[in-house]
Each structure stands twice: as C-alpha cells, then as structure tokens.
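Student: Quick one: this structure, given as structure tokens, is what I'll be asking you about.
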Amino acid sequence: MFPIRDHNPSARTPYVTHALILLNVAMFLITMPWAGGQVGLWYRLALYPAAIAQGEWLWGLVTHMFLHAGIMHIAGNMLFLWVFGDNLEDQMGRFGFLAFYLACGLAAAAGQIAADPMGDIPMVGASGAIAGVMGGYLLMFPRARVDVIAIIIVIIRRFTMPAWVLLLAWFGIQLLSSATVVDDGVAYVAHAAGFLAGIVLAVPVFLRRGGPGFWRRTHGRPPHAPTYAPSRIPRVRR
C-alpha cells in the first residue's frame, strides 16, 4: 500500500521539493553503473557508521541522503516526497523546509549510528529525511485525505484514508521491523528516528500557526481547496 496524492496540494510551486527530487534522480543516474555512472562515487559518498564513530568520512552524513540502491528504492522515496513535501514546504518556506529536510536526514543517520555504531555496511537513501517530512506532515495535517493504492496479488484498488492512519501505520511498521527484522538491508531505525525528528522539528512552525487553533481553522488539513474527489474504500455487498 502506498500513497499517490493528497487532496489539497499546495497553491504555490514547491521549488525545493522539486529540486530535491531532481537532485536525487541526477545522483542516481550519475552513480548507477548500468546507467554509465560511477559506482566508485556511490561508495565514496555513502555513510559508514563505523567510520563516523571514529570521526572519519563525515561528509557521508549529508551525501548519503542523495544516493539510492536501486530503482524501487528511489521511486518509493521520491513518491513519498512528492506527495507530502509540497504542503510542508508551503508552511515552512523554501529555506526553512530545506533546513528541516536536511536536519531530519541527519537525525535519522544519528539514530542508525547509535543503534549500530560498528556497522560497516554502506548506508544510503533519502528515506530518513523523507520520514521526517512524513512526521512533520502528521503534526501539521493529521486529517488530510490521502489517496493510496493497495496491491493484493493481482488486484489493484485505490481508496482514500486520513493521513494520520497511513502515517502512523507506516511508523508502526518501522518500529516493529526494527525490533524483529535482522539483516535485510533496510535501516528501520533511521526511518523511525527521522519520523520522530520531523514531528519535533515541525513543532515551532505548528505553534507559530496557532497550535491546536491551526487544526481548528484548517480542520487538520492543508489550507488549500481540494482538487480531487474522494475515493471510498471498496466494499463487498453481501
């Protein structure tokens, strides 16, 4: 199950969100060998927890956010950034959103390093930063309506659900996986840390907008007119 859009896209062009997507795609093409890229650069820019713990390879704290390990990895991350980034950028401003994004990525990396300080497997991906965007979105727009697609074997269904249901379910999966899944190559702790950092770092913006009063004014949704008709969860008649 994955989101494809929310019903209240930003009224302003989200230039930073678009730029981040373009930069991630460009770095993916530059570093993927099948695209003629330099795989050595990928390893050079990745994050290595053990090296960071020794005070080395520090640039990886930032550069790893713009690398990905495959098409599905980058496609999933960029889809989530596309869906949730625009309204958060609209509320934070362009430079504020960029700083927020990078800070969430750093917090996610710190969480993963704390969990596995001797890890020598390269860590890459924008997942931690984008998890922060999701956490900030949850705080600001918990009742936003989000269209999701569920794929069950060969059956594809589109339906609408509140953002808080989708985002908390995603967060719960990361927590459960971090405690039960071993060595599948996914940095679940980084995802969870980025998500929590996003909630915390979005608090100042939330309070400037009026805190709970912002929710009352906007009904917990982005303050823009909806552009999509809601899709109901399919029901089976008996």
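Taken together, the values in this text are just the output of simple stated rules run on the coordinates, not laboratory data. Nothing here was measured: the structure is a model prediction, and the numbers come from that model. All Cβ positions, glycine included, derive from the backbone under ideal geometry; neighbour counts span all protein chains shown.
Student: For Arg5 and Arg216, calculate 0.36 nm times their separation in residues minus their Cα-Cα distance, and state this gained length in nm to one decimal.
Tutor: Values: separation 211, 0.36 × 211 = 75.96 nm, distance 2.30 nm.
Here the segment from Arg5 to Arg216 would lengthen by 73.7 nm.
Student: From the helices alone, meaning DSSP H stretches of at least four residues, give me the mean residue ellipticity at 222 nm for the chain, per-run term -39500 (n - 2.57), in deg cm²/dmol to the nearest 500.
Tutor: Calculated from helices alone, the mean residue ellipticity at 222 nm is -18500 deg cm²/dmol.
Student: Tally Lys and Arg at +1 and Asp and Glu at -1 over the other residues with C-beta under 15 Å from the C-beta of Tyr101: what net charge comes out?
Tutor: -2
Student: Can you give me the relative contact order of segment 29-80 as a percent, contacts being Cα pairs under 8 Å and 6 or more apart?
Tutor: Details: 38 pairs, mean separation 12.0, N = 52.
Reported relative contact order: 23 percent.
Student: Taking H as built 1.01 Å from N, whose amide H comes closer than 5 Å to the amide H of Val146, not counting residues under 5 places away?
Tutor: Met161, Ala163
Student: Now for a separate question. What is the ratio of the Cα radius of gyration of the chain to 2.2 N^0.38 Å, where N is its residue count, to two decimals?
Tutor: Working: Rg = 18.2 Å, N = 238, 2.2 N^0.38 = 17.6 Å.
Rounded to two decimals, the normalised Rg is 1.03.
Student: Determine the gain in length on full extension of the stretch Phe95-Ala53; use 0.36 nm per residue of separation and subtract their C-alpha separation, reporting nm with one decimal.
Tutor: Contour length minus Cα-Cα distance gives 12.2 nm.
Student: So, one more: Evaluate the relative contact order of segment 63-162 (contact order divided by residue number), counting alpha-carbon pairs under 8 angstrom at least 6 apart; express in whole percent.
Tutor: 33
Student: Please work out how much length the chain gains when fully extended from Ile71 to Tyr15, using 0.36 nm per residue of separation minus the C-alpha to C-alpha distance, in nm with one decimal.
Tutor: The Ile71-Tyr15 span can extend by a further 17.8 nm.
Student: Just want to confirm a number: the relative contact order over the chain, from Cα pairs under 8 angstrom separated by 6+ residues, in percent.
Tutor: Worked out over the chain, it gives 27 percent.
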